[in-house]
Amino acid sequence: MSSSPDANDVGPARASGGGESVEKAGVVERIVFSNAESGYVIAEIQPDREPPFTVKGVLPGLRCGESVSVRGRMVLHPGFGPQLLAESFSVRMPAGVEALKKFLGSGLVPGIGKGFAGKIVKKFGADTARVLSEESALLREVPGLGEGRAAKIKAAWDEQLALREVLIFLQGYGVGVRRCMKIVRQYGSAAPVMLREDPYTLAREVDGIGFRTADRIALNMGIGNDSERRLDAGLVFTLGEAEGEGHTALPEDELCERAARLLNTVQERVVARLGSLLARGELCLYRGLVQTPACARAEIRAARALRELAAAASCLPQIRVDAAIDWAEARAGFRFAPEQADAVAAALESRLCVITGGPGTGKTSILRALVEILRAKKARVLLASPTGRAAQRLAQSAGIAATTLHRLLRYSEEQGAGAGRKELEADVVIVDECSMLDARLCAALAQAVPPGAHLVLVGDCDQLPSVGAGNVLADIIDSGLAAVVRLRSVFRQSEGSEIVAAAGRILAGDALLPRAVGLAELASGELPELCMFPTDDPAQLAQAAGILFRRWKGRGVASLDMQLLCPMHRGRAGIQAFNTLLQKQLNDDADGGFADSSGVLFRRGDKVICTRNNYDKSVFNGDMGIVTQTDAAEGLIKVRFADEEISFSRMELVDIQPAYAISIHKSQGSEFSQVAIALMPEHMVLLRRNLLYTALTRARKGAVVLGSPSAWRMALAQARAGERYSTMRWRLLD
């Protein structure tokens, strides 16, 4: 498949013969061009007894070997002659022998290359499709196909059938291929039935499918505009949308107002349905705030466990705290600042302790001293952090092993927060980067700390709050339940760190711009620790990003240690555009790589990020790795993460994205040697002080701001996003 068509072939074609509507059918012989985002396809079709013809238009998910019927208008392209401009289409899975061979050998079905495809079709002939659908056990009669591979082939065939049906069903509603793949992966072959029985399930349960898409489907199926089913779905979806914004609850009035606006109906109808949902226990009410049962359970369990933990007697042996701090200072070779000593003392004396401070405030010294004191007293210490990179950094700081919270807690989506897991075998549990803790993960952590053990939460409360719903770190601090030590003295600043100094100015709202540099300096000049390439042109910004990353690569900076951070995914200065650009410039892999079913290209050596927790593979949202192998025939890629190599099948690739550029939210918990930050006025909806502060403090050695000085000032002018609604603070106090 070529990466792009002739430049003239993407724009509008001119009609011939009055643009009369025609219908043509045949087998897809070749995909000339495919755009995953728009679903635009140019393909060569072979009819039964006629010459082949070219079809183009929005034909999402079209595959070689499939039988397609296309209705549209014949148009005349100046360079390529007559073409069928598609207006609608229908597809059947391949039925003929040659079509089946082409389809099975295209790499869509993991485990079958062209060789195995030929063997299977030779064995079963025109009956191949029926065997795959109804008698897949017969596949074991094909030489070389054992039970395991036969099972994979059957599963992949069923997935393709379901995916095709879902694609056809949703093509008129603007749902892209990757989201259709998520639906099929979540519901399997039952996906088409589920769509027809309750399309609102999509909005509730499938990430990336909005209420409006599900609503269009439901209304077209005859579900009434003011039906109870629609109003209830709108209320639940509105709460889910609020969770996506970080809230675990909404005030009753705000919920009803938002839902009425979404549903385009009068608020009184929504209020009546809310009362019904509350009466049936499908939603929960606490202090005037409405929650889903899942959010309510998480905050109740977290608050109860934290209260019990704070009130219990300590299991630590008697420690003379002042003497222990003197001993730790002697080992460190310097005197601790008063607030550093206070932090060590609070962690030793209080069952629940929060240590909060920005970069350069001495958290590393505190953690190392605390761990050394506890190990000298033979206490069992566990260290954890929400992400793999943060856990690695924590281990380096403290001098002992650390792990991710998910691995430590054996936390799973199926269990959810608070489902009877074993207590941790520890006397002290230290968790870093706690600004990333959401309500559900906090509940799992708090319930796992055994009676008598201490829980020490370390984090920077000035960073962005967690991606998941909740206001955990702020709520614990505000409740007064924990011993809180705020680290304000900046020690790294005295060593001349421009990044730390600028981070402090950002929090104070000081709009002083970093030193400006030009393209020549980015390419080969001497760069200060913090600088800015000023531009309002996205094309020039992209050029600067490519130059900067080639500089770092040429100077031996590892791929995982240089990072472009960006506020938004879409647009000319968005994550998707930068990933495409940087992949081409930094990784021109000779083997061409492997495109997944939606057209996202993966190459050996690519940096990628996991976007969803995968508990079966022990890979979690935010984990980053390097692609070590791509296999189009098997339909998989392999990725080397911190401690192991993981395989991802074609359907699992929806959870893996290129990561040359990532969002600032995704960067939380990570540090990189060199960081570039894209800032443009088009990002203005997200620009905040804590966003800029979080981005800048990801850099250890150097940071370059690429973009508009006006965008920098916009971020400085917005102190922070609106406060999150949650119930945990009140539940901690009750």
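The values are calculated or read from the model by the stated rules, or taken from the named source; none is laboratory data. If you're wondering where the values come from, they're calculated on a predicted model, not measured in any experiment. Ideal geometry is used to build each Cβ from the backbone, glycine not excepted, and the neighbour counts take in all protein chains shown. For accessibility, only protein heavy atoms count, side chains too; no ligands or nucleic acids. Shrake-Rupley method; radii C 1.70, N 1.55, O 1.52, S 1.80 Å.
How far, in degrees from 0 to 90, does helix 388-398 lean away from the longest principal axis of the Cα atoms of the chain, to the nearest 10?
Helix 388-398 sits at roughly 20 degrees to that axis.
Jot down the radius of gyration and Dmax of region 579-668, Cα atoms only, both in angstrom.
12.2, 36
Any idea what % of Cα-Cα pairs in region 653-718 are farther than 18 Å?
Roughly 37 percent, once rounded to a whole number.
Take peptides 375-385, 601-611 and line them up by average Cβ neighbours within 10 Å, highest first, as a rough protection proxy. Please list the in-between numbers first.
Details: 375-385: 18.2, 601-611: 21.0.
My ranking of the peptides, most packed first, is 601-611, 375-385.
What residue among 651, 391, 211 has its Cα farthest toward the positive end of the dipole of the chain, where the charges are +1 on Lys, Arg and -1 on Asp, Glu, each on the Cβ?
Of the options given, the answer is 391.
Checking the cross-link filter: which aspartates and glutamates have an alpha carbon closer than 20 Å to that of residue 56, excluding same-chain neighbours under 8 positions apart?
Residue 56 reaches 6, 9, 20, 23, 29, 37, 44, 48, 66, 87.
Among the listed pairs 182/607; 152/666; 102/152; 122/152; 114/553, give every one whose C-alpha distance is greater than 30 Å. The partial results should precede the final answer.
Numbers: 182/607 22 Å; 152/666 33 Å; 102/152 19 Å; 122/152 20 Å; 114/553 38 Å.
Pairs exceeding the cut-off: 152/666; 114/553.
Leaving out same-chain residues fewer than 8 places away, which aspartates and glutamates sit with a Cα under 13 Å from that of residue 363?
Of all the aspartates and glutamates, those that pass the test against residue 363 - Cα under 13 Å, at least 8 places apart if same chain - are 339, 342, 432, 433, 460.
Which percent of the accessible area of the chain is formed by carbon and sulfur heavy atoms (probe 1.4 angstrom)?
Taking all protein chains in place, the chain shows 49 percent carbon and sulfur surface.
Rank by packing, highest mean first: peptides 121-132, 682-693, 437-448, with packing defined as the count of other Cβ atoms within 10 Å averaged across residues.
Working: 121-132: 17.2, 682-693: 19.6, 437-448: 25.9.
Put in order of decreasing packing, that is 437-448, 682-693, 121-132.
If each residue of separation counts as 0.36 nm, what is the full-extension length gain between residue 88 and residue 395 once their alpha-carbon separation is subtracted?
That works out to 104.8 nm of additional length.
Would you please give the FRET efficiency between residue 122 and residue 612, computed as 1/(1 + (r/R0)^6) with r the Cβ-Cβ distance and R0 = 51 Å, to the nearest 0.05?
Numbers: r = 40 Å, r/R0 = 0.78.
With a Förster radius of 51 Å, E is 0.80.
Which of the following values of log10 I(q)/I(0) by the Debye sum over Cα atoms at q = 0.06 Å⁻¹ was calculated from the structure shown: (i) -0.64; (ii) -0.34; (iii) -0.43?
Derived directly from the coordinates: (iii).
How big is region 251-309 in terms of Cα radius of gyration and Dmax, in angstroms?
Considering region 251-309 through its Cα atoms, Rg and Dmax are 13.9, 47 Å.
Counting heavy atoms of the protein chains only and a 1.4 Å probe, report the per residue accessible area for the chain as a whole number of Å².
Numbers: 30750 Å² over 734 residues.
Using a 1.4 Å probe on heavy atoms only, each residue of the chain averages 42 Å².
Rounded to the nearest whole Å³, what is the per residue volume of the convex hull around the Cα atoms of region 202-331?
That works out to 172 Å³ per residue.
What is the spin-label model distance, in nm, from residue 29 to residue 268 if the labels are put 7 Å beyond Cα along the C-beta direction?
Computed distance between label sites residue 29 and residue 268 equals 6.6 nm.
What percent do you get for the relative contact order of the chain when only Cα pairs under 8 Å and 6+ apart count? Intermediate values should be presented prior to the final figure.
On the way: 1417 pairs, mean separation 82.7, N = 734.
Relative CO of the chain lands at 11 percent.
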